[in-house]
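Q: One structure follows; several queries about it will come next.
The values are calculated or read from the model by the stated rules, or taken from the named source; none is laboratory data. Owing to the predicted nature of the structure, the values given are computational and were not obtained by experimental measurement. Please note: Cβ atoms are built from the backbone with ideal geometry, for glycine as well, and neighbour counts cover all protein chains shown.
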Amino acid sequence: MGIPVPQWGWGSPFPNGDGDGAGFSLPAGYGDGYGDVDRVLGMGMRIVIPGIPVPVAIPNGKKNHRVRVRNWVVLGTGSHGKLNDKNGFLSKKIKRVCAISKSESFTPNGKAVNGEKTLQLNGINEVNTRRNFEEFENNNHLRRLIRNGELEEGFKYLENMVYRGDIPDIIPCTSLIRGFCRTGKTRKATRVMEILEESGAVPDVITYNVLISGYCRAGEIDKALNVFDKMSVAPDVVTYNTILRSLCDKGKLEQAMVVLDRQMQKECYPDVITYTILIEAACKMSGVGQAMKLLDEMKTKGCKPDVVTYNVLINGFCKEGRLDDAIKFLNNMPSTTGCHPNVVTHNIILRSMCSMGKWMDAEKFVSDMRCSPSVVTFNILINFLCRRGLLGRAIDILEKMPKHGCTPNSLSYNPLLHGFCKEKKMDRAIEYLEVMVSRGCYPDIVTYNTLLTALCKDGKVDFAVEILNHLSFEGCSPVLITYNTVIDGLSKIGKTGRAIMLIGEMKEKGLQPDIITYSSVVSGLSREGKVEEAIKFLHDLERLGVRANVLTYNAVMLGLCKARRTDRAIDFLGYMVGKGCKPTEATYTILIQGLAHEGLAEEALELLNELCSRGVVKKRSAEQVLVKI
């Protein structure tokens, strides 16, 4: 049946927002490496007739990979999927057999039998045929349930099938295991495997790989290893790669090397993915030196590295700050490895150059690239220039992108908009938003969040509310941070009532407010002098199971101190500590300033000196408090 080769997946491990796909990473776990179709395709066309069990030989001589197939008759077909029937010869033969079967019955030794014995044999055959047909139909129904996503119904039906004595087909059962794993129900997936084994069916390596992969994705590596150890068939390279990836992601490189030794002893030879997983882990945990040793071992074993392997090593050099070594490795790749670098290779080095502040070298590097730059290449450069405040240079790069066959996307424009907002050039930000839309590039939620944050900081909260109200019409659904930004803005300009209404609106849309959302409202109420309302709001949150943080408590104490109720604020400090929330330096400075605000300057200085001597308030903070006193 052949082992399918998993495809490389690309995604960025660099969370700097300059473009997804700019970097690279190996696909976590590599999935199970198979689809159900792999069991069927590649074996020629099949005609299936219910009623008679037939064993199917597994190609490539894999003795352990047995598949129990019932209810199928397999007739060999030609290259076009049609029966080999020249001039109707096969049809005539079939008709002749049918005619003979009507007139006579045969015993195993070839002699005809009649009468009562014939009737008994026919009765047994009819029962068996009917039973096999029922089992065939039951498996079909199970397959339909799973295909329609009815996993729970499929699970119940599987249990009933086995209870009635049916042997389930491993293909739909594997799909059921995969479905439960994807929804995080690994325990139920394991139960499917147990039912499958108890029924007399024989799971194949694909079924085990799906379950092991599910455990690995859920972070349950110990359970994955337990399944791995109990496999009734020999693991394949996909099984080992899944286990190795999970161990390496957990930082367990030594244990991964033990698994690799076990793999070699079982004569299941590692492939390029196996070694690339280990090389990447070695770069992270032991350094590039150890990774290079694994590269040498890989070559010695006759396994040829690919461009992804070399990209992992170049990334390792860059992470260690060895940019010159990375560039040297890049330049020597074609001659020493016979492998040509791709755009991802160049993007790794470009990112490293930018992080080291070498933007002029970075621009030259892009112009000298031996392959066509991608949108991500330009996004890396634009993002870096905007962070440095070089917006004019970033715009020049943006305008050059179409000449290289690259169309700017939202990740190209967002850094520019953020840069303009940071410099409080809202007109320029709006101008480039219009340019962006006019060129067919529609803003994403990051674009809008950037604008909303800038508008709220600039006091233009009403305009921000208008944009928020129109987001859904623009096909861009607000997220939690979107609402938090506007709610905080409203609370700061004395419109806490409107902010509370927005909390109700976000709940209706299925978004759950967090403590940042609620803290903004508590701060707003306290700022407006509505301290009792703020305290009531806080207690309502606690009854709902929301745990307030130090910022929430500080906001209430600040409101009490401004209302000349420092004694109540001190009581509230005790309440805060009783709730398991540790005060900060800001908590104590609020109380000190509250005492001074009530005309108790002497008591305030005494408390300040006491807290400074304990190291609770730093000397620099104490000096700032003294100025205000």
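Q: All but one of (1) more than 19 Å from GLU152 (Cβ to Cβ); (2) polar (S, T, N, Q); (3) surrounded by fewer than 19 Cβ atoms within 10 Å (Cβ to Cβ); (4) under 21 Å from the mean Cα position of the chain (by Cα) hold for THR183, so report the exception by its number.
A: (1)
Q: Every residue in region 475-517 that is within 27 Å of the chain's Cα centre (by Cα), aliphatic (A, V, I, L, M) and outside any loop (DSSP other than H, G, I, E, B), please.
A: Passing the criteria: LEU480, ILE481, MET506, ILE515, ILE516.
Q: While we're on this one: Going by the structure shown, is GLY214 of a type in the set (Gly, Ala, Ser) and in contact with a Phe, Trp or Tyr (Cβ under 9 Å, 6 or more places away or on another chain)?
A: Taking the combined requirement at face value, the residue satisfies it.
Q: Going through region 195-215 one residue at a time, which ones are part of a helix (DSSP H, G or I) and either more than 22 Å from PHE155 (Cα to Cα) or among the polar types (S, T, N, Q) (or both)?
A: THR207, ASN209, SER213
Q: Between ASN414, ASN383, ASN379, which is surrounded by 18 or more Cβ atoms within 10 Å (Cβ to Cβ), within 28 Å of THR276 (Cα to Cα), touching a residue at least 60 places away in the same chain (Cβ under 8 Å) and touching a helix residue (DSSP H, G or I) at 6+ places or on another chain (Cβ under 7 Å)?
A: ASN379 is the lone residue from the list that is surrounded by 18 or more Cβ atoms within 10 Å (Cβ to Cβ), within 28 Å of THR276 (Cα to Cα), touching a residue at least 60 places away in the same chain (Cβ under 8 Å) and touching a helix residue (DSSP H, G or I) at 6+ places or on another chain (Cβ under 7 Å).
Q: Further question: Does GLY594 qualify as being more than 44 Å from the chain's Cα centre (by Cα), outside any helix (DSSP H, G or I) and surrounded by 12 or more Cβ atoms within 10 Å (Cβ to Cβ)?
A: no
Q: If you don't mind, there's one more thing I want to ask. Quick one: is SER613 modelled with pLDDT under 90 and either of a type in the set (A, V, I, L, M) or surrounded by 14 or more Cβ atoms within 10 Å (Cβ to Cβ) (or both)?
A: no
Q: Conditions first: (1) at pLDDT 90 or above; (2) more than 46 Å from the chain's Cα centre (by Cα); (3) surrounded by 19 or more Cβ atoms within 10 Å (Cβ to Cβ). LYS562 passes all but one, so which condition is the exception?
A: In the conditions (1) at pLDDT 90 or above; (2) more than 46 Å from the chain's Cα centre (by Cα); (3) surrounded by 19 or more Cβ atoms within 10 Å (Cβ to Cβ), LYS562 misses (3) alone.
Q: If you check ALA604 against the conditions, is it more than 23 Å from ILE503 (Cβ to Cβ), of a type in the set (Gly, Ala, Ser) and either touching a Lys or Arg at 6+ places or on another chain (Cβ under 7 Å) or crowded, with 20+ Cβ neighbours inside 10 Å (or both)?
A: yes
Q: Among all residue pairs at least 6 apart or on different chains, which show Cβ distances below 6 Å where the first residue, located in region 158-174, is more than 14 Å from LEU145 (Cα to Cα) and the second is part of a helix (DSSP H, G or I) and modelled with pLDDT under 95?
A: Pairs that qualify, where the first residue is more than 14 Å from LEU145 (Cα to Cα) and the partner is part of a helix (DSSP H, G or I) and modelled with pLDDT under 95, are VAL162/ILE195; ASP166/GLU135; ASP166/ASN138.
Q: List the number of the failed condition for SER232; all other conditions in (1) in contact (Cβ under 8 Å) with a residue 24 or more places away in the chain; (2) more than 28 Å from THR186 (Cα to Cα) hold.
A: (2)
Q: Here's something else I'd like to know. Out of the residues in region 264-282 meeting the condition of being in a helix (DSSP H, G or I) and at pLDDT below 95, tell me which one is surrounded by the most Cβ atoms within 10 Å (Cβ to Cβ).
A: MET264
Q: Could you please tell me which pairs satisfy a Cβ distance under 8 Å, a separation of 6+ or placement on different chains, a first residue in region 426-441 that is assigned to a helix (DSSP H, G or I), and a second residue that is at pLDDT 90 or above and small (Gly, Ala, Ser)?
A: MET426/ALA454; ALA429/ALA454; MET436/SER410
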